[in-house]
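Single-structure report; data block below.
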Amino acid sequence: MAVDTFFEALENQYSSQLPFVVYSRPINSIIKCWLQTDDTLYKTTEFSESGFVFAPFDLENDSILLPQDKCKQFTLETSHLHLDEEKQNMVMGDSGKEEHLSIVSKGIDFIKSGELDKVVLSRQVTKPMDTINPLDIFKRLFNTYKNAMVYCWYHPKVGLWFGATPELLFKVEGKRLTTISLAGTQPYSETNEVSWTHKEYEEQQIVTDYIARQIEPYTSQIDISGVDTVRAGNLLHLKTYIISLIKDDCSLKSIIEALHPTPAVCGFPKQEAKEFILNNENYNRGYYTGFLGELNLKSSKPRNTNRRNVENNAYTVVKTESNFYVNLRCAQIKDNRVFIYVGGGITKDSIAENEWEETVNKTKTIVNVLS
């Protein structure tokens, strides 16, 4: 599909106030869009349908579905998108610093008292913008963050969100479950050698151990990789892959409930950390640190990869696939304002001032495509 035709269809959808999502998965030159044919607010609780799901931090709230059978789907293959318009000049201040330092200090004290091992605390940064074209923002995200899931999602009854998230919640291919443990954050530098502290390795190990324990009742043959450093835009993280096989009697919903929210966005133990967040953060996260992605899509592949063997190519393997990404490095557009969401993992060794600086660095992921 031609680039102009692809984005014209999206512009028409947005101006008609109809739901859509446009996205590209990490290290991928494929851009996909789903255009819902009506403005109905479809929801899912069982995650048994096929479509594109947009789920909140707290699953007690609504998980929104763009149903596959209610959407037109288009695909575009490109490595770069052209942009004509100039970005706005956006200056980010230190608004909310004292309040965030106070909440982080309270979290550290709570951990030191033995109530928690880790809690992830976040804040909301709000900036006015006179004119906002969300599809231009998506184009900048796509051009800038090649190793992230970049997206722009809209529903007239929910709002408009966009982001560039480096974190896979999990993916399912048939019975094969792949998830990652991602934690630790430092600014990327071309000149400085990468060095991680004990606190950052400890934080990442908490996430890895937790995920392995959580999926153990539902899977078999759990394989854990080594720890690698990965880049996400102007940030570096520690990452570990965890691969296993889902047992025949387990539903996708049970895997979601076991893994979401992860310690990387909530804390550990999960329930206690979640309660601390809901009771102490001074705003509603909504879909920040929720998850989004393709739900129960069918894919077929030939059994035989030798194209000359036409007879065997008639037999294909059909698998159900799901790909969910944690909604990090994201923002919401509402009433000509941009709401940017950032947070960081707090452990007993955390220093409140450093945690503030980490959120400032993370804000740049979104600010860089706005200003």
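Quick note: the coordinates plus some simple rules give every number you see, no bench work behind them. Quantities reported herein were computed from a predicted structural model and do not represent experimental measurements. Every residue, glycine as well, gets a Cβ built from its backbone with ideal geometry; the counts of neighbours run over all protein chains shown.
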Q: Take the alpha carbon atoms of the range 2-69, find their center, do the same for the range 266-280, and report the distance between the two centers in whole angstrom.
A: 29 Å
Q. Using unit Cβ charges (K, R positive; D, E negative) and no other charged atoms, how large, in debye to the nearest 20, is the dipole of the range 130-277 about its Cα centre?
A. 480 debye
Q. What ranking, highest mean first, results for peptides 317-330, 26-39, 205-218, 157-170 when packing means the other Cβ atoms within 10 Å averaged over each residue?
A. 157-170, 317-330, 205-218, 26-39
Q. With the radius of gyration and the Kirkwood radius both derived from the Cα set of the range 117-159, what is their ratio Rg to Rh?
A. 1.07
Q: Note down the relative contact order for the range 10-69 as a percent, whole number, built from C-alpha pairs under 8 angstrom at least six residues apart.
A: 27 percent
Q: Output the pairs from LYS72/LYS139; LYS118/LYS146; LYS127/LYS270; LYS199/LYS362; LYS72/LYS127 with a Cα-Cα distance over 28 Å in this structure; if there are none, say none.
A: LYS118/LYS146; LYS127/LYS270; LYS72/LYS127
Q: Considering Cα pairs under 8 angstrom that are at least six residues apart, work out the relative contact order of the range 1-151 and quote it in whole percent.
A: 27 percent
Q) Looking only at the range 166-188, which residues have a backbone nitrogen under 17 Å from a spot 7 Å from the Cα of THR320 in the C-beta direction? A) 170-178
Q: Any chance you could run the full-extension gain for TYR201 through ARG231? It's 0.36 nm times the residue separation minus the Cα-Cα distance, nm to one decimal.
A: 9.2 nm
Q) Taking R0 as 22 Å, what's the FRET efficiency between VAL194 and SER254 from their Cβ-Cβ distance, rounded to 0.05? A) 0.05
Q: For LYS301, list the lysines whose Cα falls under 19 Å from its own Cα; do not include residues on the same chain fewer than 8 positions away.
A: LYS171, LYS175, LYS319
Q: Please work out how much length the chain gains when fully extended from SER16 to THR78, using 0.36 nm per residue of separation minus the C-alpha to C-alpha distance, in nm with one decimal.
A: 19.7 nm
**Q.** For the chain: relative contact order, % (alpha-carbon pairs under 8 angstrom, 6 or more apart)
**A.** 24 percent
Q) (i) -1.16, -1.35; (ii) -1.06, -1.18; (iii) -1.28, -1.46: which one is log10 I(q)/I(0) by the Debye sum over Cα atoms at q = 0.14, 0.15 Å⁻¹ as calculated from this entry? A) (iii)
Q. How far is the Cα center of the range 113-127 from the Cα center of the range 215-255, in Å?
A. 23 Å
Q.
Can you order the peptides 361-369, 337-345, 242-250, 76-84 by their average number of other Cβ atoms within 10 Å per residue, highest first?
A. 337-345, 361-369, 242-250, 76-84
